[in-house]
Amino acid sequence: MAKNVSLNLFLPMLLLCAGVQSDVTFTFENLCSDTLWRASNPSIGDLEPDLPRDTYEIFNMDDHYSGSIWVRTGCSTNASNYFSCETGDCGNGIMECAGLNPSFPITQLNFVVNNPIVSYEVSLKHGQNMLVRIKPNGGTLVDGSGPCPMVDCNKELSSVCPLDLIAGNKNDQYVGCNSPCDGYKDPKYCCNGNGCQPDEISVKYKGLCPFAHTYPGDNQPPIYQCKGADSYDITFCPAL
Ligand SMILES: *[C@@H]1O[C@H](CO)[C@@H](O)[C@H](O)[C@H]1NC(C)=O
């Protein structure tokens, strides 16, 4: 009898602890008109790649993760069953990227998860192939400066992308814009050497996407560190 009583008292305490140390939750929503195929490096556990349009998914992140998420667009499988994508392709012929590096351009969503703290940024340092938004639900910045802000890049770079940085598909349709560092491989765009300054191209990218990091060394806004958010809502093609 006594044993049962202590068990009953113990159980709610366990549940309470589980509640306090809850998982870091990411939600993914695809508001684009086509299916997207997610990828990550290093690979995020059992996240299924494909995210059809109008899909909303809830995903519990590992307690510790440091890496990038991106999406692949325009993917298809050819007659020899070889899977490839117009952007973000991993080059291995299958839907699972298995932690491989993608072809650029990609819009990078970078995270450092150290439950309960999550750092997050949208980076155009490897160009852009997708419009994205990361919106913490609740939470406060670790430095005490306020609530955790949304970051996004919701404008296509096509209007400012230099012709030789444009990525096209096999029908010559615009599918993304490369970063000057990746496209030109010129140290002046790659922050090799002293100091990292915006260049004339990344300044234009920044003008369209002020909350994204557009050149190596860009720290405006700072990489936010958020604690206690209920979830991090990741939206592709977020509505304006
Ligand atoms: C499918 O794509 C792969 C990789 O590009 C290529 O080697 C293969 O020949 C293609 N198969 C067909 C039937 O086009």
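Whenever a residue of the range 76-102 is of a type in the set (S, T, N, Q), its partners that are away from the ligand (no atom under 13 Å from the Cβ) and open to solvent by less than 80 Å² (accessible area, probe 1.4 Å), lying with C-beta atoms within less than 6 angstrom and at least six residues away or across chains, give the pairs Thr87/Thr73; Thr87/Asn129; Thr87/Val175; Thr87/Gly176; Asn92/Leu100. Does Asn81 satisfy the criteria of being farther than 22 Å from Pro222 by Cβ and either within 16 Å of the ligand (Cβ to nearest atom) or surrounded by 18 or more Cβ atoms within 10 Å (Cβ to Cβ) (or both)? For Asn81, the condition - farther than 22 Å from Pro222 by Cβ and either within 16 Å of the ligand (Cβ to nearest atom) or surrounded by 18 or more Cβ atoms within 10 Å (Cβ to Cβ) (or both) - is met.
So, Lys206, is that one part of a loop (DSSP other than H, G, I, E, B) and among the basic types (Lys, Arg) or not? Answer is no for this residue. Residues in the range 183-196 that are touching a residue at least 12 places away in the same chain (Cβ under 8 Å) and in a loop (DSSP other than H, G, I, E, B) were compared, and the one that is least open to solvent (accessible area, probe 1.4 Å) is Cys191. Candidates in the range 91-125 are the residues that are touching a Pro at 6+ places or on another chain (Cβ under 7 Å) and away from the ligand (no atom under 16 Å from the Cβ); of these, the one that is modelled with the highest pLDDT is Lys125.
Here's the yes/no breakdown for (1) under 30 Å from Gly74 (Cα atoms); (2) surrounded by fewer than 16 Cβ atoms within 10 Å (Cβ to Cβ):
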| position | (1), (2) |
| --- | --- |
| Ile134 | yes, no |
| Asp143 | no, yes |
| Cys148 | no, no |
| Cys181 | yes, no |
| Lys204 | yes, no |
| Cys209 | yes, no |
| Ser231 | yes, no |
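Just one of the numbered conditions (1) farther than 20 Å from Asn169 by Cα; (2) touching a residue at least 40 places away in the same chain (Cβ under 8 Å); (3) small (Gly, Ala, Ser) is not true of Ala39: (1).
Checked against (1) part of a strand (DSSP E or B); (2) free of Cβ contacts under 8 Å to residues at least 40 places away in the same chain, Asp233 meets all criteria but (2).
Checking each residue in the range 121-151 for being touching a residue at least 60 places away in the same chain (Cβ under 8 Å), of a type outside the set (Gly, Ala, Ser) and closer than 21 Å to Pro198 by Cα picks out Glu121, Val122, Leu124, Lys125, Gln128, Val151.
Within the range 152-164, the set of residues being in contact with a Gly (Cβ under 8 Å, 6 or more places away or on another chain) and either open to solvent by 50 Å² or more (accessible area, probe 1.4 Å) or in contact (Cβ under 8 Å) with a residue 60 or more places away in the chain (or both) comprises Asp164 only. Checked against (1) modelled with pLDDT of 95 or more; (2) closer than 30 Å to Ile117 by Cβ; (3) more than 16 Å from the ligand (Cβ to nearest atom), Arg53 meets all criteria but (2).
The values are calculated or read from the model by the stated rules, or taken from the named source; none is laboratory data. For clarity, every value in this text was computed on a predicted model and none was experimentally measured. Positions of Cβ are generated from backbone atoms using ideal geometry, with glycine treated the same way; all protein chains shown enter the neighbour counts. When the accessible area is computed, the model is the full protein with side chains, heavy atoms only, and any ligands, DNA or RNA have been set aside. Shrake-Rupley method; radii C 1.70, N 1.55, O 1.52, S 1.80 Å.
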